[in-house]
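Please read the structure below before turning to the comments.
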Amino acid sequence: MTREITYIEAIAEALGEELERDDDVVLFGEDVEEFGGNFGETAGLHEKYGGDRVRNTPLSEIGIAGMALGAAVGGIRPVAELQFADFAATAGDEVFNQIPKQPYVSGGRLSAPLTIFAPSGAGIGAGAQHSQSVHSWIGNVPGWVVVTATTPYDAKGLLKSSIRDDNPVFFLPHKMLSEMKGEVPEEEYTLPLGESVVEQEGEDVTVVATQVMFHRAKEAAADLDLDVELINPRTFAPLDTDTIAESVEKTGHLVVVDETVERYGTQGYIANEIVENNFFSLDGPPKTIGVKDVPIPVSPALEQEVLPSVKRIRAGIKSVF
Amino acid sequence: MAIDEETSKRFLREMLRIREFEDEIKTRFQEGEIPGFVHLDYGHEGTHVGMSQAMRDDDWLAVGGARLVGQYVAKGVPLGEIMAELYGKSGGSNKGYGGQMHVSDVGRKLYGHAATIGSGQNPAVGLAFAEEMKGTDNVAVTTIGDGGTSRGSFHTALVFASYWDLPVVFVIENNQWAISTPSSALSPDNLSDYGIPHKIPNESIDGSNVETVYETVSEAIERARNGEGPSVIESRVARLGPHFEGDKQTYRDETEFEEERELKDPLKNYRKQLLDDGVVTEQDIDEMIEAIRAEVQEAIEFARESPEPEPETAYENVYRTPLYGQGE
């Protein structure tokens, strides 16, 4: 049985179900109690699961992330919320040096089964410090599992898996998708981490995209006289390149669209993986499309200028032929 | 708090173990057997031993500061495992992935160090939180040096520990030097004063006296176990050696340094105290040292004979696989 719910409702369901399922799951962050989270993602959870398991914190990402690390090593499964993904930077040492490295430097003696929940992405006029897509920052540090969510179905299934995974997981929902509706099963389900999925089959060109860019790519593809295969990587690190490589083997063309900036963004990494390992599958050079190399401006007119538009994606897909 | 003779002897033996072990590390480093940097604990033995003897085995120790080896010893990690880790060998506590900065032993509840000094205190608060959520009365003790107290992360840890009233004891081992920056130039009279704005019980003590440290940390742990929240203790010691082996210490006043070595050596002072009080004889101490030296030699042999890690193991332990939902 499926029904239509919003992306943020799917997230709230995932959090609620995991709190219900496992007493070791604890959720904390700024304003997660009565306030219900910035996007409504924790609404009702404090009331239902109580102040021990759903907790407000003081305003410090250093404390939220650092404490999550210790709590995870100590044997519980924290879901630590950063209000905006940009704040990965305000917990820089914890996010870049501590969490992803402690399991490794301990020779595998420590495990840190924690989830950082951090809404990312541009489009709501939130400005340069509340709009970034950070999966290239985080994916650059081995040790993090980096997960995004493109649909309500993904959001629920992937968040539940992230909470259950024994690695540190950086889970990045997109704030522009909060109100998007989609089909989500009534029944319990999870989705595998580390696996890309072919969302739409096609013969002419492989387009890889997530989050808002996935929906824009889908729209762009619908207007083209081309048979587009759409791939949603779901997990950026570690990246399942096999599914993408298989697709390129079939189509011979690759376009990667992502909301990280083009300079050292994830688009370049994905394209490079295919160029380096599957060069002879390609009939021409891949195309990468991302946010222009500027901070995200506030004015909607400026903001939409720097984000990949449906038009730019459409032109990008056409350009590989 | 009366300290019985057996306990006194244990304090002395543990301090001797640290000293003898580190003397050997120093020699092995000088002879090129140990890679990287070596930071030794001279002057810190009393604070390490006093603190760890106040703990139960199932309390967490989240080590910090730069003087770490003595803390690993005091938490009960076998000397051979520590030595092999310093050698970067596969028999090391961390199989060669960690080195002297990252010895961790979850089984003994030793949390690995944050080598970016001052970033280990929030994880320590998290460890205390986990114990509380699990309904135990275990506590987390975390150490930091004077230098690390200038990091915002240290202050955040105080905010969080206080906000949730968690069972954590912050021990600031103030050896007066953040490499070459003197702690006397920092504003607080005592670094434990950083607990004051958070209304956390705080105290500054002579950390070169093992019994003083034991008593003060025991009281703080007792409060934490009883649900009375965190404490901040400044344990004042002298750094009786360089920051790392090879540091020429041009920034230190020679006369003062000599004076400290004369007056603030925790091992020398405690040894004299126990001899004066008739708790031990010179012969008892010689026997202790003889046994410890044998243990240290065994540790060296273990480290030397332990194989180098297989190069391909560099790719292990990055992720626990399969990831959730993937096939077995």
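The values are calculated or read from the model by the stated rules, or taken from the named source; none is laboratory data. Because the structure is a prediction, the values reported are computed rather than measured. Methodologically, a virtual Cβ is constructed for each residue, glycine included, from the backbone with ideal geometry; neighbour enumeration extends over all protein chains shown. Just so you know, the surface numbers come from the protein's heavy atoms only, side chains and all, with ligands and any DNA or RNA stripped out. Shrake-Rupley method; radii C 1.70, N 1.55, O 1.52, S 1.80 Å.
Structure above, values below:
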| quantity | calculated |
| --- | --- |
| For region A:181-268, the Rg and Dmax computed from alpha carbons only, in angstrom | 13.5, 42 |
| Projected label distance in nm at residue B:199 and residue A:275, using a 7 Å step from Cα toward the beta-carbon | 6.1 |
| HN-Hα J in Hz across region B:22-35 - Karplus 6.51, -1.76, 1.60, θ = phi - 60°, x for Gly and Pro | 6, 4, 5, 4, 4, 5, 5, 5, 4, 8, x, 8, 10, x |
| Full-extension gain in nm, residue A:21 to residue A:47, via 0.36 nm per residue minus C-alpha separation | 7.7 nm |
| Two-site label geometry, residue B:187 and residue B:301: point separation in nm, points 7 Å out along Cα→Cβ | 5.7 |
| Heavy atoms of residue A:8: accessible area, 1.4 Å probe, square angstrom to 10 | 20 |
| Cβ-derived FRET efficiency at R0 25 Å, residue A:197 paired with residue A:140, nearest 0.05 | 0.60 |
| Under DSSP loop assignment and at most 16 Cβ neighbours within 10 Å, longest trypsin sites (Lys or Arg not before Pro)-free interval of chain A | A:1-262 |
| Residue range of chain B that is longest and free of trypsin sites (Lys or Arg not before Pro) which are both DSSP loop and sparsely packed (at most 13 other C-beta within 10 Å) | B:249-328 |
| The protein assembly as shown: antiparallel DSSP beta bridges as a percent of all, rounded to 5 | 20 |
| 5 angstrom amide H check on residue A:170, placed H, neighbours 5+ away | A:116, A:145, A:146, A:147 |
| Helical contribution to [θ] at 222 nm, DSSP H n ≥ 4, -39,500 (n - 2.57), averaged over chain A, rounded to 500 | -10500 deg cm²/dmol |
| Gaussian network model of chain A, Cα within-10 Å springs - most flexible of A:40, A:268, A:50 | A:50 |
| Minimum 20 Å² accessible area buried by the other protein chains, region A:82-129 residues, probe 1.4 Å, relative to alone | A:93, A:94, A:98, A:102, A:104, A:105, A:106, A:107, A:108, A:109, A:110, A:111 |
| Listed pairs A:101/B:75; A:175/B:109; B:95/B:248; B:95/B:264; A:101/A:175 exceeding 30 Å between Cα atoms | A:175/B:109; B:95/B:248; B:95/B:264 |
| Bridge type composition, chain B - antiparallel percent by DSSP, nearest 5 | 10 |
| Karplus 3J(HN,Hα) series, Hz, for region A:47-54 with 6.51 cos²θ - 1.76 cosθ + 1.60 (x for Gly, Pro) | 4, 7, 9, x, x, 6, 9, 10 |
| Antiparallel DSSP beta bridges within chain A, as percent of all bridges there, nearest 5 | 25 |
| Heavy-atom accessible area per residue - the protein assembly as shown, 1.4 Å, Å² | 38 |
| Accessible area buried, both sides summed, chains A and B with 1.4 Å probe, Å² | 4100 |
| Average beta-carbon neighbours from other chains, 10 Å sphere, peptide B:96-105 | 4 |
| Carbon + sulfur, % of accessible area of region A:123-219 - ligands and nucleic acids excluded, 1.4 Å | 43 |
| Candidate lysines - alpha carbon under 28 Å from residue A:318, same-chain residues fewer than 8 apart omitted | A:218, A:250, A:287, A:292 |
| Cβ neighbours within 10 Å from other chains - mean over A:55-64 | 6 |
